[in-house]
Amino acid sequence: MKVEHLEERVIDYKNSIETVVKKKTLWETSIKKLLVTTLSSIVKQFNIGWNVQQLNWINNNEAVNIIFESFPPELIISTNKIPTYQFIPGAALVFSQSYNGDVFVFILFPIIENIPIENSTIDLGILNPKEINEKLIVEKVDEFLKEMIKWEVPSIKNKLGY
């Protein structure tokens, strides 16, 4: 193979860098704001103990998530009737931009003793930032809530305890 044959690969490589830059620019100029705005609107409309967070870690990776941090205020009286009840915070729906500009969407479950770590996440997809709109965000929040309901009240068919 001659050096001249590398020209096509060099062009492809340059194009791949341009693609990443476009995705990261779209995230920075509109998608991150859309996520924050949409998730904040949901939090404001439905006060069930969740908040919106913006995270920036590992150099250029960023994320926006909605996380359960407290118990729904209107249910506190009910839980006070059961002194042993304990709310476990930490469940989150995460939209995280990766190094290549794509956005990973996943659910993090609270970490509790005796539950294996491998059951602590569910992947909801890898998206090009162009695919993210308000409708998709609402759909992902819906999926998140369905998974949280299953987590809170699992349909275990096996007998537990005595």
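The values are calculated or read from the model by the stated rules, or taken from the named source; none is laboratory data. Values in this document were obtained by computation on a predicted structure and should not be read as measured data. Note that we place each Cβ from the backbone using ideal geometry, even for glycine, and neighbour counts take in every protein chain shown. In case anyone asks, the SASA skips ligands and DNA or RNA and just uses the protein heavy atoms, side chains included. Shrake-Rupley method; radii C 1.70, N 1.55, O 1.52, S 1.80 Å.
Brief remarks on what is shown
- Distance (nanometres) between label positions extended 7 Å along Cα→Cβ at Lys135 and Val21: 3.2
- Cα-Cα over 22 Å, subset of Lys23/Lys135; Lys23/Lys44; Lys23/Lys146; Lys32/Lys135; Lys23/Lys140: Lys23/Lys44; Lys23/Lys146
- Proximal charge balance of Gly101 [Cβ under 9 Å; K/R count +1, D/E count -1]: +2
- Taking a straight Cα-Cα cut-off under 19 Å and skipping sequence neighbours fewer than 8 places away in the same chain, the aspartates and glutamates within cross-link reach of Lys130 are Glu18, Glu28, Glu62, Asp102, Glu139.
- Taking all protein chains as shown and a probe of 1.4 angstrom, Lys135 keeps an accessible surface of around 140 Å².
- Fully extending the segment from Glu8 to Asn56 would add 13.7 nm, taking 0.36 nm per residue of separation and subtracting the current Cα-Cα distance.
- The stretch between Glu69 and Asp142, if pulled fully straight at 0.36 nm per residue, gains 24.5 nm over its current Cα-Cα span.
- FRET efficiency, Ser30 to Ile126 (Cβ-Cβ, R0 25 Å, nearest 0.05): 0.85
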